[in-house]
Amino acid sequence: QVQLVESGGGLVQAGGSLRLSCVASGSIFSLSIMGWYRQGPGKQREFVARITPGRNTNYADSVKGRFTIFRDNGKNTVYLQMSNLKAEDTAVYYCNALNGGIDYWGQGTQVTVSS
């Protein structure tokens, strides 16, 4: 069983920055593909970014150049550094761990960007 706990969300003005954190319990973190997803008001959950155990990264086109995902295996933590935030980035952000074909999800953290 893996538990994921996100933090770092909040209210920020457009153009500002936030850093989200996700701490994972258990011993599989370093072997897991870690990702961030988000669900905006009235929208479906969508992919934001992912990082492999080898630290290869992928991003949604909408966040490329503004968001950075990175991980600290020693702390079982994955981060999402968000810069130049836009109103359309407003969403609940969810941490995801993929290991052995099983998806694990956190409870989500709200990010609200005021224009």
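The values are calculated or read from the model by the stated rules, or taken from the named source; none is laboratory data. None of the values given here were measured: they were computed from a predicted structure. Methodologically, a virtual Cβ is constructed for each residue, glycine included, from the backbone with ideal geometry; neighbour enumeration extends over all protein chains shown. To get the accessible areas, we keep the full protein, side chains included, count just its heavy atoms, and leave off ligands, DNA and RNA. Shrake-Rupley method; radii C 1.70, N 1.55, O 1.52, S 1.80 Å.
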Could you check Ser115 against (1) touching a helix residue (DSSP H, G or I) at 6+ places or on another chain (Cβ under 8 Å); (2) surrounded by 14 or more Cβ atoms within 10 Å (Cβ to Cβ) and say which number it fails?
(2)
Members of segment 46-91 found to be open to solvent by 10 Å² or more (accessible area, probe 1.4 Å), under 18 Å from Ala14 (Cα atoms) and in a helix (DSSP H, G or I), listed by number
Ala87, Glu88
Which one is modelled with the highest pLDDT among residues in segment 9-31 that are part of a loop (DSSP other than H, G, I, E, B) and polar (S, T, N, Q)?
Ser17
If you go through segment 1-50, how many residues are among the polar types (S, T, N, Q) and within 20 Å of Gly65 (Cβ to Cβ)?
2
Between a residue in segment 7-19 that is open to solvent by 40 Å² or more (accessible area, probe 1.4 Å) and any residue that is in a loop (DSSP other than H, G, I, E, B), which pairs come within a Cβ distance under 7 Å, given they are 6 or more apart or on different chains?
Ala14/Leu85; Ala14/Lys86; Ala14/Ser115; Gly15/Asn84; Gly15/Leu85; Ser17/Ser83; Ser17/Leu85; Arg19/Gly8
Reported set for segment 50-107 where residues are of a type in the set (Ser, Thr, Tyr), touching a residue at least 12 places away in the same chain (Cβ under 8 Å) and more than 14 Å from Glu6 (Cβ to Cβ) is Thr52, Thr57, Ser62, Thr68, Ser83, Thr90
Could you check, for segment 28-45, whether at least one of its residues is within 13 Å of Val111 (Cβ to Cβ), hydroxyl-bearing (Ser, Thr, Tyr), in contact (Cβ under 8 Å) with a residue 40 or more places away in the chain and open to solvent by 60 Å² or more (accessible area, probe 1.4 Å)?
no
